[in-house]
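*Asks:* Below are the structure tokens for one structure; questions will follow.
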Amino acid sequence: MTIARKLQDYIDSEGIDYDTLAHHRTATTSQTAEAAHVPGNRLAKSVVVHHETGYVLAVVPASHRVELSTLQEVMNRRLGLATEEEVSELFSDCETGAVPPIGSAYGVAVILDESLDRASDVYFEGGDHRTLVHMSGPNFRNLTKDAQVARFSHPS
């Protein structure tokens, strides 16, 4: 049960309390929520998108889907999904598909769906497909304090 080194170093440097939750290996965030017995609306899912000047982590509940057209309007930018190669470069200490939503640990901007901005506690991938990081909502919001908050998702 480990989390990505950059993520752990960043959270520890911010003095944030958290714990980890091990689960069997999963391929999707929906499977992760089920395996870990975590409500999908409290499991943060990261979707890496790119635009003409860089990358952004769009963070939504696992029970939701990103509305790319709404996200483009909110950001006033043309967006596309990052390739696996781009994601691997940005999050080199994470497994593909297990990107944590704490972009500041990796120098990536974050846009947070407003539904997660009110959560009492939040779970998210720790960099592999077997470990979740769990923390209070206020601690999560502290780690994502520079994130833009908007509504750009809908339930799956």
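*Asks:* Only residues that are assigned to a helix (DSSP H, G or I), polar (S, T, N, Q) and open to solvent by less than 70 Å² (accessible area, probe 1.4 Å): list them for region 5-44, please.
*Replies:* Just the residues of region 5-44 that are assigned to a helix (DSSP H, G or I), to begin with: 5-13, 29-36, 40-42.
Add one more test, that the residue is polar (S, T, N, Q), and what stays is 8, 13, 29-32, 41.
Within region 5-44, Gln8, Thr29, Thr32 meet the criteria.
*Asks:* Assuming Val108 fulfils every condition listed in (1) surrounded by 15 or more Cβ atoms within 10 Å (Cβ to Cβ); (2) at positive phi apart from one, which condition is it?
*Replies:* (2)
*Asks:* Mind checking which pairs have a first residue in region 4-33 that is under 25 Å from Asn142 (Cβ atoms) and at pLDDT 95 or above and a second that is polar (S, T, N, Q) and open to solvent by less than 60 Å² (accessible area, probe 1.4 Å), Cβ under 6 Å, 6 or more apart or different chains?
*Replies:* Short answer, once both residue conditions are applied: Ile16/Asn139; Thr20/Thr131.
*Asks:* Going through Asp113, Asp93 one at a time, which residue ends up being of a type in the set (D, E, K, R), open to solvent by less than 20 Å² (accessible area, probe 1.4 Å) and at pLDDT 95 or above?
*Replies:* Asp113
*Asks:* Quick check on region 45-89: of everything there that is part of a loop (DSSP other than H, G, I, E, B), among the charged types (D, E, K, R) and open to solvent by 70 Å² or more (accessible area, probe 1.4 Å), which residue is farthest from Ala109 (Cα to Cα)?
*Replies:* Taking region 45-89 first, the residues part of a loop (DSSP other than H, G, I, E, B) are 52-53, 62-63, 67, 76-79, 82-83.
The next check asks that each one be among the charged types (D, E, K, R); those that pass are 52, 67, 77-78.
Restricting the remaining residues to those that are open to solvent by 70 Å² or more (accessible area, probe 1.4 Å) gives 52, 77-78.
Working: Glu52: 14, Arg77: 14, Arg78: 16 Å.
Within region 45-89, the match that is farthest from Ala109 (Cα to Cα) is Arg78.
*Asks:* What strands (runs of 3 or more DSSP E) completely inside region 100-156 contain at least 1 residues that are out of contact with any Lys or Arg (no Cβ under 8 Å at 6 or more places or on another chain), touching a residue at least 24 places away in the same chain (Cβ under 8 Å) and of a type in the set (Gly, Ala, Ser)?
*Replies:* Counting at least 1 such residues, we get 109-113, 131-136, 148-150.
*Asks:* Condition check: of a type in the set (Val, Ile, Thr) and under 14 Å from the mean Cα position of the chain (by Cα). Does Thr83 satisfy that?
*Replies:* So Thr83 does not fit the description; no.
*Asks:* In this structure, does Glu125 turn out to be open to solvent by less than 50 Å² (accessible area, probe 1.4 Å) and touching a Phe, Trp or Tyr at 6+ places or on another chain (Cβ under 6 Å)?
*Replies:* In short, no.
The values are calculated or read from the model by the stated rules, or taken from the named source; none is laboratory data. Computed from a predicted model, the values in this text were never measured in an experiment. Backbone-built Cβ (ideal geometry, glycine too); neighbour counts: all protein chains shown. Quick note on the areas: whole protein, heavy atoms, side chains included, nothing else; ligands and nucleic acids left out. Shrake-Rupley method; radii C 1.70, N 1.55, O 1.52, S 1.80 Å.
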